[in-house]
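Working notes, beginning with the structure itself.
The values are calculated or read from the model by the stated rules, or taken from the named source; none is laboratory data. None of the values given here were measured: they were computed from a predicted structure. Using ideal geometry, Cβ is built from the backbone for each residue, glycine included, and neighbour counts are taken over all protein chains shown.
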Amino acid sequence: MHAVRLRLYHHSDGARVAYRELGAGPPLALLHSALLSHKEWEPAVEQLADRFRVVLPDLPLHGDSEHRPGHPYTIDWFTQVLSGFAAEVLGPRPLIAGHDAGAELILRALLAGSLSPARLVLMPNRLHVSAPHPWRRRAWRTVARAAAVPGLDRLLSYGARALFTPERGVRLSVRGNREAADLVRHAFADVAGNTELARSWAKLARAWPLGAQTELLELYPRLHMPVLLLWADQDELYPLRVAEEVLGLLPNGQLRVLESTGFLMAYDDPVGLARELVAFCG
C-alpha cells in the first residue's frame, strides 16, 4: 500500500489547487472530469503507483480545491492554473492524462503553448465537436447562472445535491460498480448550502464554451509527442467515431479501446486502464 500525500499548489493569483500524490518515479498526472474529483481514478492508482509518481489534482471548483467566487472561472483562467500547476508540480516534460473537462483543459493548454508533455493520454471528451446533448447543457447553464441571484444560490446548492445522488454514480458505470456511489457522494458532500460554490459555478456557466472547438483541428497535426486516445466502447456522451477521426490527424497517435466500459472507465475496468497507461507511458 502506497502512502497518499495531500499537497496544495498556490497559483500566482491566490487560487489553491489541492492534489494527492503517491508512488515514486516519473510524474504521471491524471485530470478528472467535470463535477467529480481526484477519486475518479481511485480504483486504478495503486497499480499505477508501482511505476509512477501519480499526481491527482482536484480541478478548481472541485473536491478540496479553490471555489471562492473572486476568480473569473473562464476556460483561459483554468488553463493558466493548469499550466502553472504542471510547471511547479510536474516539471518540464510530464506524462499527463485527462478525461472529459480535464482533457479539454489539457488541449487548451497545448493550444496556448503553455504545456509540453512528454506523452499525452486523452480519454473520452468532446475533442473538437460541440458538447453532447446540447439541450441538457443549455438547461444546466440556465440553472447554474441563476445561482448568481442572492437567495437562489442557497436553494440551487441544495437542488444540486438532490439531483446528483450516489445512485447516479452507479448508473455512470456500465458494469454497475457500487463503489461509484461513493465517488459521487464525495464529489457533492459539501455542496448543499455552499453559496460561495454556487456563485462560482454561476460564473463558470457563463464562461465555459459549449460550441464546436474547431480550432483544435489545427492543433492535432502539431502534436508531435506520442498521443494515446484511450476510449471507452460504451460511453454515450463521447462516441468512438470522433476519436477515430482525430487519430488520422495525429503525427504520432494511437487508439486503444477498453471493452465493456463507459464514462467511468476506472470503475468499469481499473486493471485494463492501468495496463494501458503503463504500456504507453512506460
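A few notes on this one:
- Residues (part of a helix (DSSP H, G or I) and under 18 Å from the mean Cα position of the chain (by Cα)) located in the range 227-275: A243, M265, A266, Y267, D268, P270, L273, A274
- Applying the criterion of being small (G, A, S) and in contact with a Gly (Cβ under 9 Å, 6 or more places away or on another chain) to the residues of the range 22-43, the residue that is nearest to Y9 (Cα to Cα) is A29.
- The sole residue among A44, A87 that is part of a helix (DSSP H, G or I) and over 30 Å from V170 (Cα atoms) is A87.
- Residue ID - farthest from the chain's Cα centre (by Cα), chosen from residues in the range 189-207 that are surrounded by fewer than 20 Cβ atoms within 10 Å (Cβ to Cβ) and assigned to a helix (DSSP H, G or I): T195
- Enumeration of residues in the range 1-36 that are outside any loop (DSSP other than H, G, I, E, B) and loosely packed, with under 15 Cβ neighbours inside 10 Å: R5, L6, R7, L8, H10
- Restricting F52, F78 to those that are out of contact with any Asp or Glu (no Cβ under 8 Å at 6 or more places or on another chain), under 26 Å from Q213 (Cβ atoms) and of a type in the set (F, W, Y) reduces the list to F78.
- Enumeration of residues in the range 208-226 that are among the hydrophobic types (A, V, I, L, M, F, W, C) and not in a loop (DSSP other than H, G, I, E, B): L216, L217, L219
- Top-ranked residue in the range 100-141 [being part of a loop (DSSP other than H, G, I, E, B) and farther than 21 Å from R222 by Cα; ranked as modelled with the lowest pLDDT]: H133
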